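Just so you know, all these numbers are worked out from the coordinates, no wet-lab data involved. The structure displayed is predicted, hence computed values, not measured ones. Glycine gets a Cβ as well: all are built from the backbone with ideal geometry, and neighbour counts include every protein chain shown.
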Amino acid sequence: MATVASALTDTLSAAGINTVFGLPGGETVELLDALRQRDIRFVLAHHETAAVFMADAWARVCGRPGACLTTLGPGAANAVAGVSHAHLDRSPVLIITAQKPDALLPAYTHQVVDLHALYQPITKASIKIDVSNVLSAVPYALRLAQSGRPGPVHLQLSNEDAAETVADNSAPAVKTLQLVASTTTTAAINRARSILARARRPLILAGLGLEPERPYSTLRALAETAQAPVIVTPKAKGALPDDHALSAGTVGLTRSDPVYALIEEADCLIAAGFDVVELVKPWQHPAPLIWAAPWENRDPAIPAAAEIVGSLHAALTELTRGTFSTAPDWGAPRVAAFHAATRRHPLPAPAPGRLLPQTVLAALRRHAPADAFLTVDVGSHKIHSSLEWPALMPNRFLVSNGLSCMGYAISAAIGAALAAPGTPAFCLTGDAGLAMNMGELATLARCGVSVTVVVLNDGAIDLIRSHQRQAGKPVFGTEFSPIHLAQAARAFGLSAHRVMDETQLDAALARQLRRAQPGLIEVMLDPISYPTTPR
Ligand SMILES: Cc1ncc(C[n+]2csc(CCOP(=O)(O)OP(=O)(O)O)c2C)c(N)n1
Ligand SMILES: [Mg+2]
C-alpha cells in the first residue's frame, strides 16, 4: 500500500531526483524511511541551509530540480538563508519541511511556526501536502520550480499525514516539463532585428537565465555573427569560454567593474537571461536594450526597446538571422584592446610567509582541469575570483550571487561533486565563510568525494574591513583571532595542509589531484592586492 510519503518519493524518483540533502527531525521519520525504501540517497548535512546549498548545486549540475528535507520549526527556520539563496539565485529546489498536523493545532504549539508565512516571500509557492493532493501537488511543484524564472518551492508534510494510505498508488508520470512558455512574437523579433541592424557597437550581456536551457552554442553563434563582445554575470561565467576573442569579462561585482566602460560604449545591448539581481547597483544605461529571457521583463523591469519572452535558444537563433553593421574596430579588436588596457599593474610583495590572492588563483588555474568545478564563497575573494578566474567551460563556476550568502562554497562543492562523480571540485572560501559552515567539513569527509577546500586565512572579514577603510573609518569589529583551519579540518577527518609559499601550494594542489579524495589546503593570505583593497 502506498503512503503519502512513498507517493512523494516515487514522484521525486520519477523526476530523476536520486539524492536528497537534509537534516531530519522526529517529524520526518516517515519520509526519511520512504527515501530509504526508494533507494534515494540521503545526504545528512550539519545545517539546513547547507543542505539547501547542496541541493542547489546538485540541481545546477544535473539540470533538474534538487530536493532537501528539514524538520518543522527550528529546522525550517534554519533553512531560510538557503531558501533565500535559491530564491534570489533562481534555483529550482524543493524544500520539504515537516509540520504538525492541522488536527493538533492550535492547542499544540511546541516548535510550531507558521511556515507558509515564513516561506511565502522566498518561494514560488508554499504547499501543504496530504493524502488529498500528493499525487498532483508534487509533480506541480517540480514543474513550477523549473518554469519561467526558476526558483524554490516549499512542501509541508506532517509525519502523521506522511503515513496515510493513498487510495490510488500509481503516482502520475512527470510529463516532459515545458520549461519556457514561448510567447515570442514576430513583432518583437522584428523590432529587435531592426535595432541590431543599425547598431555599430552591439554587446551581449549573459546572465543566470541561461539556465536551464543552456543555449551556449547559439549564444556563441550570435556573438560571432554580430561581432558582439560578451559580458557575463558571475553565475553565467564560462557560457562563452574566457579564452574566446569576444569574451570581455564579468559584471556585477562592484559599482565600477572595468566592463562598465564597454557597456557605456555599446549602442545596442542584448540581454540574454540577464537578471539585475546579480548587480550591486541599479541598471542605468541609455543604449537600446533587447530583452531575451524565459520570463517577462519585470521584478524589476529594466528599460527595454524590444522584449522577446520564451526560449532563449529560439530568440538568439532568430537574432543571428538578422543583418548587422558592426563597426570593424568593435568586436574582437575592441575586446583585445580592452583587456590590454585593464591588465593589472605590478603586484605588491606579500608579507613573509603569506601568499597573494592572485598567486592562489593562478595556481588553481594551473592545476585544475578545464572541467573542474570551482565553487566560491562570499567576500573579497569572490569579487577577485569572479572578475579574474578564467572559466573555460560553462556551469563550472558556482557562486551565490543573487543573495551572496556566506557559507555557500563548501556545501556547493559537495553537491556538485556528488552530482558529477569523478569531476574534481575546488572550493575557494574565506576563513569566516568556512567557519560559518565548518560542520560541512564532516559531511565532506563522510561523502568521500574529490573536493579540495582552499581556504584563505587572513583572520578577517576582509571585504567589510575594506569597506571600512574606503569609508575612512578605523578597522573595528572586522578582524578575529586566526583559526588554525588545517588543524580543525583534521579533526573532521580530512587530510589538510597549511601552505605559506607558492611551492608548498603547488605541491599541495598536485597531491590533492593525485589523491582524488577530500582534503583542505589552508593558505596563509596577504589580502593587500585584492581589487577591493583601497589604494
Ligand atoms: C550570511 C552572510 N553574512 C554576512 C554577509 C556580509 N559579508 C559579505 S562578505 C563578508 C566577509 C567574508 O569574510 P571571509 O569569508 O573571511 O572572506 P574575505 O572577505 O576575507 O575574503 C561578510 C561578513 C554575507 N554576505 N552573508
Ligand atoms: Mg577572511
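Table for the structure above
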read-out: Pairs of lysines in the chain (C-alpha under 29 Å apart; 8 or more residues apart or interchain); value: 16
read-out: Alpha-carbon centroid distance for the pair segment 211-262 / segment 452-470, whole angstrom; value: 28 Å
read-out: Percentage relative contact order, the chain, counting C-alpha pairs under 8 Å, at least six apart; value: 14 percent
read-out: Pair Asp33, Met1: separation of 7 Å Cα→Cβ label points (nm); value: 1.3 nm
read-out: 10 Å-binned pair-distance histogram of segment 42-138 (Cα, whole percent); value: 16, 47, 31, 5, 0
read-out: Rounded to whole Å, sorted largest first: equivalent-ellipsoid semi-axes of the chain, Cα gyration tensor; value: 38, 32, 19
read-out: Net charge of Cβ neighbours under 12 Å - reference Arg200; Lys, Arg +1; Asp, Glu -1; value: 0
read-out: Full-stretch length increase - Tyr140, Ala167 - with 0.36 nm per residue and alpha-carbon distance subtracted; value: 7.8 nm
read-out: Hypothetical label at Ala332: residues of segment 205-223 whose amide nitrogen lies under 19 Å (7 Å Cα-Cβ projection); value: 217-223
read-out: Of the DSSP H helices in the chain, those whose Cα atoms cover at least 27 Å axially and whose Kyte score averages 0.5 or more; value: none
read-out: Dipole of the chain, positive end: most advanced residue of Ile263, Met54, Val4 [Cβ charges, Cα centre]; value: Ile263
read-out: The chain, dipole about Cα centre (Lys/Arg Cβ +1, Asp/Glu Cβ -1), debye to the nearest 20; value: 1280 debye
read-out: Under 11 Å from the Val112 label point (7 Å along Cα→beta-carbon), backbone N, segment 145-169; value: none
read-out: Cβ-Cβ FRET estimate between Phe42 and Arg214, R0 fixed at 45 Å, reported to 0.05; value: 0.95
read-out: Point-charge dipole on Cβ atoms (K/R +1, D/E -1) for segment 310-402, about Cα centre, debye to 20; value: 280 debye
read-out: R0 of 30 Å, Cβ-Cβ distance Arg490-Glu265: FRET efficiency to nearest 0.05; value: 0.05
read-out: Rule-of-thumb Rg ratio for segment 205-290 [Cα; 2.2 N^0.38 Å; N residues]; value: 0.99
read-out: For Leu8, net neighbour charge (Lys/Arg +1, Asp/Glu -1) across residues whose Cβ lies under 11 Å away; value: -3
read-out: Segment 304-370: trypsin sites (Lys or Arg not before Pro) falling in loop per DSSP and having at most 15 other Cβ within 10 Å; value: Arg321, Arg343, Arg344
read-out: Extreme residue, positive dipole direction of the chain, given options Ala491, Ala221, Val360 (C-beta unit charges); value: Ala221
read-out: Cα→Cβ-extended label distance, 7 Å offset, between Phe476 and Arg200, nm; value: 5.3 nm
